[in-house]
């Protein structure tokens, strides 16, 4: 891509809108689920699939080897790391799990996590507790709903093996203070894993500022890429502490009948077979985000989310789920006396994509705060106030 929008996103909105063919079909406010892809991201995948059909899958991968390798450079620029610290994986859950299950936990180890931790991650903690006898402990929130850094400091001892945090939880606009958490983890030489599934693409990520050892992300959400692909970052200095839970002839070399050697880079967390079309789509969506600029993206998202929140507060019976002051592009709410799942169906039927968030997705947070099923809307920089106004009009009419 030769264009650069970073200096003035606002003046390039028309071009960005035209790059998003899905805007002609729907007001898509479900970006925390899966965003609308830009045309060039779609083209990157279709071009490769056509090449595979024309000359063969292995041959197509060989012909596009340089472009495939450039995907690692793009991701490295996105999060400020070295390309050898990146693994491209099937999805964010696979990336997160490959890192988590690579940690050599022992009985008595402690895992510290957040109240609003995502269900898939917490299930893995519970499995490790059953298998290895580790303890899983939740860092309390402060009165504003933010993770309490003072409580975290008081919980640290020699048995804390891992601090694992979801940067942006699935059920609200909360943004956890991952940089400050990272400072605490680094000061005590504790492994630090960040789930950036909901933040990659809407918030600037710098692994040196976050001080994380591992970070996982997906393409399909705020990066505006395809489903079924994501990435894992693993800091080079901790690689030798981690053995992937699964290896094959790509992640390791079979050196003798009884021996193998792991790859020396983060691709020890990959395997031989790849969806190369999706991989190129991942590279294309990262390049697109970098061209626009993450600071500009975040500012645009904050503006649109602020507009949505302010107007939702004016609708009688609508109750926002926003406990903490630092918010992002996810706006969750309920309509008093109405079933959220049914409301989502009615909103979607009117041409506006939103979703629902079940208490089971963040069980600790939902239980402690008595949360119902929430209606979750999530804006992106390619949205506009007219699309948000469509949602607001629908909600007004549903209240009649």
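So, of the residues in the range 303-347 that are without any contact (Cβ under 8 Å) to a residue 12 or more places away in the chain and over 26 Å from the mean Cα position of the chain (by Cα), which turns out to be farthest from residue 147 (Cα to Cα)?
The selected residue is 342.
I'd like to verify a number: residues in the range 69-104 that are over 17 Å from the mean Cα position of the chain (by Cα) and crowded, with 19+ Cβ neighbours inside 10 Å, how many?
6
Between a first residue in the range 186-205 that is within 13 Å of residue 160 (Cα to Cα) and a second residue that is part of a loop (DSSP other than H, G, I, E, B), which pairs have beta carbons less than 6 Å apart while being 6 or more apart in sequence or on different chains?
The qualifying pairs are 186/211; 188/156; 191/213; 192/212; 192/213.
List the residue pairs whose Cβ atoms are under 6 Å apart, where the first residue sits in the range 94-122 and is in the same structural domain as residue 33 (by TED's automatic domain parsing), the second is surrounded by 19 or more Cβ atoms within 10 Å (Cβ to Cβ) and outside any helix (DSSP H, G or I), and the two are 6 or more positions apart or on different chains.
none
Strands (runs of 3 or more DSSP E) wholly in the range 159-272 with at least 2 residues that are surrounded by 16 or more Cβ atoms within 10 Å (Cβ to Cβ), touching a strand residue (DSSP E or B) at 6+ places or on another chain (Cβ under 7 Å) and at pLDDT 95 or above - which ones?
Per the criteria, 160-166, 191-195, 214-218, 230-234.
Find the helices (runs of 4 or more DSSP H) located wholly in the range 1-84 whose residues include 3 or more that are touching a strand residue (DSSP E or B) at 6+ places or on another chain (Cβ under 8 Å), touching a residue at least 24 places away in the same chain (Cβ under 8 Å) and not assigned by TED's automatic domain parsing to the domain that holds residue 378, and list them.
Hits in the range 1-84: 65-79.
Would you call residue 389 within 29 Å of residue 115 (Cα to Cα), in contact with a helix residue (DSSP H, G or I) (Cβ under 9 Å, 6 or more places away or on another chain) and in a helix (DSSP H, G or I)?
Against the criterion (within 29 Å of residue 115 (Cα to Cα), in contact with a helix residue (DSSP H, G or I) (Cβ under 9 Å, 6 or more places away or on another chain) and in a helix (DSSP H, G or I)), residue 389 does not qualify.
Output the residues belonging to the range 298-323 that are touching a strand residue (DSSP E or B) at 6+ places or on another chain (Cβ under 6 Å), buried (at least 17 other Cβ atoms within 10 Å of the Cβ) and not in a helix (DSSP H, G or I).
Of everything in the range 298-323, those that are touching a strand residue (DSSP E or B) at 6+ places or on another chain (Cβ under 6 Å), buried (at least 17 other Cβ atoms within 10 Å of the Cβ) and not in a helix (DSSP H, G or I) turn out to be 318, 320, 321.
May I ask you to list the residues in the range 56-80 that are over 22 Å from residue 214 (Cβ atoms) and in contact with a helix residue (DSSP H, G or I) (Cβ under 7 Å, 6 or more places away or on another chain)?
Hits for the range 56-80 are 60, 61, 63, 64, 67, 68, 70.
(1) within 25 Å of residue 145 (Cα to Cα); (2) assigned to a helix (DSSP H, G or I); (3) without any contact (Cβ under 8 Å) to a residue 60 or more places away in the chain: which one isn't true of residue 372, the others all being true?
Just one mismatch for residue 372, condition (2).
What number of residues within the range 149-158 are more than 23 Å from residue 216 (Cα to Cα) and either touching a strand residue (DSSP E or B) at 6+ places or on another chain (Cβ under 7 Å) or surrounded by 14 or more Cβ atoms within 10 Å (Cβ to Cβ) (or both)?
Residues flagged as more than 23 Å from residue 216 (Cα to Cα) and either touching a strand residue (DSSP E or B) at 6+ places or on another chain (Cβ under 7 Å) or surrounded by 14 or more Cβ atoms within 10 Å (Cβ to Cβ) (or both) within the range 149-158 amount to 3.
What is the one condition in (1) at pLDDT 90 or above; (2) surrounded by 19 or more Cβ atoms within 10 Å (Cβ to Cβ) that residue 350 does not satisfy?
It fails just one condition, (2).
For residue 234, are the conditions met, namely being in contact (Cβ under 8 Å) with a residue 12 or more places away in the chain and within 24 Å of residue 68 (Cα to Cα)?
The answer is yes for residue 234.
Just checking, which of 303, 342 is at pLDDT 90 or above and more than 30 Å from residue 123 (Cα to Cα)?
None of the others qualify; the one that does is 303.
The values are calculated or read from the model by the stated rules, or taken from the named source; none is laboratory data. Only a predicted model underlies this, so the values are computations on that prediction, with no experimental measurement involved. All Cβ positions, even for glycine, are placed from backbone atoms using ideal geometry, and neighbour counts span all protein chains on display.
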